[in-house]
Amino acid sequence: MAEITIPIGPQHPALKEPINITLKVEGEVIVEPILRIGYNHRGIEKAMEARSYIQNIYLAERVCGICSHVHSSTLVQGAEELLELEIPRRGLYIRTIFLELERIHSHLLWLGVAAHEVGFDTLFMYTWRDREIVMDLLELISGNRVNYAMNTVGGTRRDINDEQKKKLLKGMDALEERTKYYVKIATTEPTFLKRVEGVGILKKEVAKKLCAVGPTARGSGLRMDIRKDDPYAAYDEIPFEAITSDLCDVMGRTVVRVKELLEAYKIIKYAVNNLPAGEIRKKARRKIPENEILSYTEAPRGELLYYIKSNGTEKPERVKIRTPTLANIPSTIEMLKGGYIADIPIVFAAMDPCIACMDRVILVDKKNNERSMNWEALRRYGIKWYEVKR
Amino acid sequence: MKYPGAMLSEIWRHLIKKPATVLYPLERPQIPENFRGKIEYYDDKCIRCGLCARDCPSGACTMKKFEEDKKPRPVFDLGMCLFCGQCAEVCPKDAISLTKKFEFSTFDKSSLIVE
Amino acid sequence: MSILLEVLYLLVFPGFLFLIAYALFIEYVDRKLYARFQHRVGPPILQPFADIIKLLSKEDLVPKKADRKMVSAIPLFAFAAVITAFLYIPIWFNQSFFSFQGDLIVVLYLLSIPTLALFLAGWHSSNPFSQVGAMRAITQLFAYEVPFFLVLLGPAIIADSWSIIDIVNFQSSNFWLILMMPLGFIVAVIALQGKLERIPFDIPDAETEIVGGLLVEYVGRRLALFRMAIDIEMVVGAALISALFLGGFDAFISVAGLSPLAQFGIGFAAFLVKTLFIVFLLASIRALFARLRIDQMVTFCFKWLAPLSIIQLLLITGVKYMGWF
């Protein structure tokens, strides 16, 4: 059969965020997928250079709508390291509790999205309903559902009191019961299994070669988890397991995420029960001495990386952000190869893409692309185009 | 055991339960105690230090000179505010606080200015 | 007088007006049940009606590349076909308005027309998504139509008649045929779900894969007509299955000596209860499953539904041959 090229995106109703997938297909089978990114450059790194570290915490939180705490944690962790600051243990524990609460809400959200992509809307509604439990807990402690603003250089901004502790433990129990039910559903419902088993295969060696991160790598049996490999916050004191699965397909990634949810409940319960007494934050200097640092954490989607270069002032000289989605793009291309067109949404969703947080660079090739135009030229072109239409 | 329709008992059980949806304007959501809502500014406590404007990440808080005042005092534009609470945190005299109010959508931009 | 009565039958009850009202109500019931299964609130009762009114008042757009005449004519075809199909299904005692020997076959064929119309609609919209959807719809058609036809022949064989009213009368004098062929009933409901293109068979308009699929280019009153046609198809399908397997208007009550009004009331109530029961089953199926892939759907139909319906048919012919009925 002849090869056909199908372009999907960057504007496409089935895509939530702008990305271009050009597919070479033979019938329903994908021969060669080409991904093009860079449609959503927001200039966040440049904006960070113009703001102080304190202001950047809130900007970093807004890199991603789902994993906001992990971004600010990575930033303040880097800044604290540059200041050689010893953070009070209570502050670290609260930070860890929030990191895990965020992982719970992100993974539950993902489970819902994955169910929706395969048309299983009932599971989608149930998971998102139960996600409200963790959202309410986040709001209860931090005062907001999404951008918690809990971090500051030197610790956390808000404490957890006894009543909140009780509610946290109660919420975790309720979620654990529900999650066990979803594990049962996701592993026994045949129509769901048919759509996720053997779909989007990524072999262990390939995942290693393409530097996959997070649940995508762990779903291919690659044991890499920054929380274990290089513990940050309070992860070195809290017992937990790094979940892996050898299934290497979308099912493997689902299993990893769902089991990580169960681990997260354990971590939170342990952290709440063993919350050390004392201060939650230390006063930090505003000016950060000249140095550079690479700070990384395990975001719900995988390894998140911040490079910070300071110059002795209140503002950073350079901040580089590498989000896990970018690291997983090469593996996604590998997963799509040889699959069906109908499987694109679920395979693509399986890496939990967040295009808006990923795009750092926009590439304008003026030499080879004569269609690039400035604002004035675009305006004139628009007027002309509509005149011809009329 | 893999059989189709694993959720059957669950969905039929939900038929008689009260829906989880909060019908917002009719039912009020529970707002927690330390919610970060509309900013309140107490002029009598303010010492015009300008720390809030310096730390505001979005430029919602600016120092504005009024005729009756000697020094400029902070003005908040809620249209730009992120509700991070950094201004309230950094304020040495607790002249700024975040309330539980959250409904201020409007057609009139001037109603979003807190002085 | 009889002509006037026939016009009344056609336009008001149980024809045009009643059918539209009931179809919108059925859509409401389906959506409400689906929502409640998912622990949501669901739409208010007039929501489907409001949707149709909104669509009717919308701007009329036809894609430039599309064939205007075809795009306008196809929804009418679908709409007319399903409305006609309903006229042959008895909804109260012995009132078989346009019944004749072989109306079962006519209803089955009329019920196939909406899918074909959807295919043409998708194909003539000249949109890649709707064309993919059209191809999927026609592929699916061959998969579910075979078992659907096969199982619906069972009641006809037992009752020795190709007329729906005869089959219903047979059931009210003997027993409901679901007792004899539960397998056939299950296959029929599943195949009807495929016919209506709902989860797990909503492959032609898979929202997350090909956006809206078939009807992606349809707006305004044409979309309204299509939606009405699909709603009415659901009523007709539910009514057909209830007539063939659940005894139609039969309600275990002897109506011989009652007044015509009471007869009508009992029969009509039975019709409503039974169609709503089938809609309840359809909504449950919709809430229970994930969407299949087109190859999995075809495999499922030919590997499970078709053999099951053939087994059912063989059993029925065996029973008939032995002379037990």
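Would region A:127-137 turn up any residue that is in a helix (DSSP H, G or I), over 29 Å from A:Tyr270 (Cβ atoms) and within 14 Å of chain C (Cβ to nearest Cβ)?
Just the residues of region A:127-137 that are in a helix (DSSP H, G or I), to begin with: A:127-137.
Next cut, over 29 Å from A:Tyr270 (Cβ atoms) only: none.
No: zero hits.
Looking at C:Gln263, is it part of a helix (DSSP H, G or I), away from chain A (no Cβ under 14 Å) and under 22 Å from C:Gln312 (Cα atoms)?
Numbers: part of a helix (DSSP H, G or I): yes; away from chain A (no Cβ under 14 Å): yes; under 22 Å from C:Gln312 (Cα atoms): no.
Here the answer is no, as C:Gln263 does not meet what is asked.
So C:Ile89 fits all but one of (1) closer than 16 Å to C:Ala117 by Cβ; (2) under 22 Å from the mean Cα position of the chain (by Cα); (3) assigned to a loop (DSSP other than H, G, I, E, B); what number is the exception?
For C:Ile89, the exception is condition (1).
Take region A:212-258 and flag every residue that is closer than 17 Å to A:Glu100 by Cα, of a type outside the set (Asp, Glu) and without any contact (Cβ under 8 Å) to a residue 24 or more places away in the chain.
A:Lys228, A:Pro231
Considering only region B:7-115, give the helices (runs of 4 or more DSSP H) lying wholly within it that have at least 2 residues that are more than 25 Å from A:Asn147 (Cβ to Cβ) and more than 14 Å from every other protein chain (Cβ to nearest Cβ).
Details: elements: B:8-14, B:51-55, B:86-90.
In region B:7-115, no matching helices (runs of 4 or more DSSP H) lie anywhere.
Only one of A:Gln11, A:Gln55 is without any contact (Cβ under 8 Å) to a residue 60 or more places away in the chain, out of contact with any strand residue (DSSP E or B) (no Cβ under 9 Å at 6 or more places or on another chain) and surrounded by fewer than 22 Cβ atoms within 10 Å (Cβ to Cβ); which? Spell out how you get there, then give the answer.
Details: A:Gln55 fails: surrounded by fewer than 22 Cβ atoms within 10 Å (Cβ to Cβ).
A:Gln11 is the lone residue from the list that is without any contact (Cβ under 8 Å) to a residue 60 or more places away in the chain, out of contact with any strand residue (DSSP E or B) (no Cβ under 9 Å at 6 or more places or on another chain) and surrounded by fewer than 22 Cβ atoms within 10 Å (Cβ to Cβ).
Of these, B:Arg48, B:Arg54, B:Arg13, which one is free of Cβ contacts under 8 Å to residues at least 40 places away in the same chain, closer than 30 Å to A:Leu123 by Cβ and either surrounded by 19 or more Cβ atoms within 10 Å (Cβ to Cβ) or of a type in the set (D, E, K, R) (or both)? Quick ask: steps written out before the conclusion?
Details: B:Arg48 fails: closer than 30 Å to A:Leu123 by Cβ; B:Arg54 fails: closer than 30 Å to A:Leu123 by Cβ.
Residue meeting the stated conditions: B:Arg13.
Name the single residue, out of those in region C:140-170 being closer than 29 Å to C:Ala251 by Cβ and among the charged types (D, E, K, R), that is surrounded by the most Cβ atoms within 10 Å (Cβ to Cβ).
C:Asp166
For (1) more than 14 Å from every other protein chain (Cβ to nearest Cβ); (2) crowded, with 17+ Cβ neighbours inside 10 Å; (3) within 17 Å of C:Ala243 (Cα to Cα), each residue gets a yes or a no:
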position	(1), (2), (3)
C:Leu5	yes, no, no
C:Ile53	yes, no, no
C:Val71	yes, yes, no
C:Phe98	yes, no, yes
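Pick from C:Asp67, C:Asp30: which is farther than 26 Å from C:Leu281 by Cα and among the acidic types (Asp, Glu)?
On the way: C:Asp30 fails: farther than 26 Å from C:Leu281 by Cα.
Criteria check complete, one pass: C:Asp67.
Among the candidates C:Arg227, C:Arg221, which residue alone is in contact with a helix residue (DSSP H, G or I) (Cβ under 6 Å, 6 or more places away or on another chain) and of a type in the set (Lys, Arg)? Lay out the reasoning, then the answer.
Values: C:Arg227 fails: in contact with a helix residue (DSSP H, G or I) (Cβ under 6 Å, 6 or more places away or on another chain).
After ruling out the rest, the residue left standing is C:Arg221.
Note down all Cβ pairs under 9 Å where the first residue falls in region A:269-286 and is on the phi > 0 side of the Ramachandran plot, the second is part of a helix (DSSP H, G or I), and they're at least six residues apart or on different chains.
A:Gly278/A:Arg89; A:Gly278/A:Arg90; A:Gly278/A:Gly91
Check A:Cys64 against each of (1) under 18 Å from A:Arg318 (Cβ atoms); (2) buried (at least 19 other Cβ atoms within 10 Å of the Cβ); (3) more than 14 Å from every other protein chain (Cβ to nearest Cβ); (4) not β-branched (Val, Ile, Thr) and name the one condition it does not meet.
(1)
Restricting to region A:230-256, and then to whatever is in a helix (DSSP H, G or I) and in contact with a Lys or Arg (Cβ under 9 Å, 6 or more places away or on another chain), can you tell me which residue is surrounded by the most Cβ atoms within 10 Å (Cβ to Cβ)? Give the steps one after another, and end with the answer.
Going through region A:230-256, the residues in a helix (DSSP H, G or I) turn out to be A:250-256.
Filter once more, so that each one left must be in contact with a Lys or Arg (Cβ under 9 Å, 6 or more places away or on another chain): A:250, A:252-253, A:256.
Details: A:Val250: 27, A:Gly252: 25, A:Arg253: 30, A:Val256: 24.
Among them, the one singled out is A:Arg253.
With respect to A:Thr216, is the statement that it is within 14 Å of another protein chain (Cβ to nearest Cβ) and of a type in the set (S, T, N, Q) true? Before the answer, list the steps.
Numbers: within 14 Å of another protein chain (Cβ to nearest Cβ): no; of a type in the set (S, T, N, Q): yes.
Considered against the rule, which asks whether it is within 14 Å of another protein chain (Cβ to nearest Cβ) and of a type in the set (S, T, N, Q), A:Thr216 comes out as no.
Quick one: A:Tyr39 ticks every box in (1) aromatic (Phe, Trp, Tyr); (2) within 14 Å of chain B (Cβ to nearest Cβ); (3) part of a loop (DSSP other than H, G, I, E, B) except a single one, so which number is it?
Unmet condition: (2).
Of all residues in region A:86-122, how many are touching a strand residue (DSSP E or B) at 6+ places or on another chain (Cβ under 8 Å) and outside any helix (DSSP H, G or I)?
2
Among the residues of region C:197-232, count how many are at the interface with chain A (Cβ under 10 Å from one of its Cβ atoms), touching a Phe, Trp or Tyr at 6+ places or on another chain (Cβ under 6 Å) and in a helix (DSSP H, G or I).
The number of residues fulfilling the criteria is 1.
Could you list, in sequence order, all residues of region A:178-217 that are surrounded by fewer than 18 Cβ atoms within 10 Å (Cβ to Cβ) and farther than 23 Å from A:His116 by Cβ?
Correct list: A:Lys203, A:Lys204, A:Glu205, A:Val206, A:Lys208, A:Lys209, A:Cys211.
Going through region A:116-125 one residue at a time, which ones are more than 7 Å from chain C (Cβ to nearest Cβ) and either touching a Leu at 6+ places or on another chain (Cβ under 6 Å) or crowded, with 23+ Cβ neighbours inside 10 Å (or both)?
Result: A:Leu123, single match.
Residue check: is C:Ile165 in a helix (DSSP H, G or I), in contact with a Ser or Thr (Cβ under 7 Å, 6 or more places away or on another chain), within 23 Å of C:Val235 (Cβ to Cβ) and in contact (Cβ under 8 Å) with a residue 60 or more places away in the chain?
Numbers: in a helix (DSSP H, G or I): yes; in contact with a Ser or Thr (Cβ under 7 Å, 6 or more places away or on another chain): yes; within 23 Å of C:Val235 (Cβ to Cβ): yes; in contact (Cβ under 8 Å) with a residue 60 or more places away in the chain: yes.
Criteria met by C:Ile165.
(1) closer than 29 Å to A:Ile238 by Cβ; (2) surrounded by fewer than 19 Cβ atoms within 10 Å (Cβ to Cβ); (3) touching a Cys at 6+ places or on another chain (Cβ under 8 Å): which one isn't true of A:Cys357, the others all being true?
With (1) closer than 29 Å to A:Ile238 by Cβ; (2) surrounded by fewer than 19 Cβ atoms within 10 Å (Cβ to Cβ); (3) touching a Cys at 6+ places or on another chain (Cβ under 8 Å) applied to A:Cys357, the lone miss is (2).
Test A:Ser72 against the stated conditions and say whether it is within 14 Å of another protein chain (Cβ to nearest Cβ), surrounded by fewer than 23 Cβ atoms within 10 Å (Cβ to Cβ) and among the polar types (S, T, N, Q). Lay out the reasoning, then the answer.
On the way: within 14 Å of another protein chain (Cβ to nearest Cβ): yes; surrounded by fewer than 23 Cβ atoms within 10 Å (Cβ to Cβ): no; among the polar types (S, T, N, Q): yes.
No.
Conditions first: (1) in contact with a Ser or Thr (Cβ under 7 Å, 6 or more places away or on another chain); (2) on the phi < 0 side of the Ramachandran plot; (3) not polar (S, T, N, Q). A:Pro231 passes all but one, so which condition is the exception?
So A:Pro231 meets the others, but not (1).
Among all residue pairs at least 6 apart or on different chains, which show Cβ distances below 7 Å where the first residue, located in region A:174-203, is within 12 Å of chain C (Cβ to nearest Cβ) and the second is surrounded by 16 or more Cβ atoms within 10 Å (Cβ to Cβ) and of a type in the set (S, T, N, Q)?
A:Ala186/A:Thr254; A:Lys194/C:Gln296; A:Val196/A:Thr254
Is it the case, given these coordinates, that C:Ala239 is crowded, with 24+ Cβ neighbours inside 10 Å and in a helix (DSSP H, G or I)?
On the way: crowded, with 24+ Cβ neighbours inside 10 Å: yes; in a helix (DSSP H, G or I): yes.
Yes, satisfied.
When the residues of region C:280-325 are filtered to those that are of a type in the set (Lys, Arg) and crowded, with 16+ Cβ neighbours inside 10 Å, which remaining residue is farthest from C:Gln38 (Cα to Cα)? Spell out the reasoning first.
Taking region C:280-325 and keeping what is of a type in the set (Lys, Arg), we get C:286, C:291, C:293, C:303, C:320.
Now restrict to residues that are crowded, with 16+ Cβ neighbours inside 10 Å: C:286, C:291, C:293.
Numbers: C:Arg286: 11, C:Arg291: 16, C:Arg293: 23 Å.
Per the stated criteria, the residue is C:Arg293.
What do you reckon, is C:Arg293 in contact with a strand residue (DSSP E or B) (Cβ under 9 Å, 6 or more places away or on another chain), under 25 Å from A:Pro190 (Cα atoms) and at the interface with another protein chain (Cβ under 10 Å from one of its Cβ atoms)?
Values: in contact with a strand residue (DSSP E or B) (Cβ under 9 Å, 6 or more places away or on another chain): yes; under 25 Å from A:Pro190 (Cα atoms): yes; at the interface with another protein chain (Cβ under 10 Å from one of its Cβ atoms): yes.
Against the criterion (in contact with a strand residue (DSSP E or B) (Cβ under 9 Å, 6 or more places away or on another chain), under 25 Å from A:Pro190 (Cα atoms) and at the interface with another protein chain (Cβ under 10 Å from one of its Cβ atoms)), C:Arg293 qualifies.
Every read-out reported here was derived from the displayed coordinates using simple, explicitly stated rules and does not represent laboratory data. Model, not experiment: these values are computed from the prediction. No Cβ is skipped: glycine too gets one built from the backbone with ideal geometry, and neighbour counts run over all protein chains shown.
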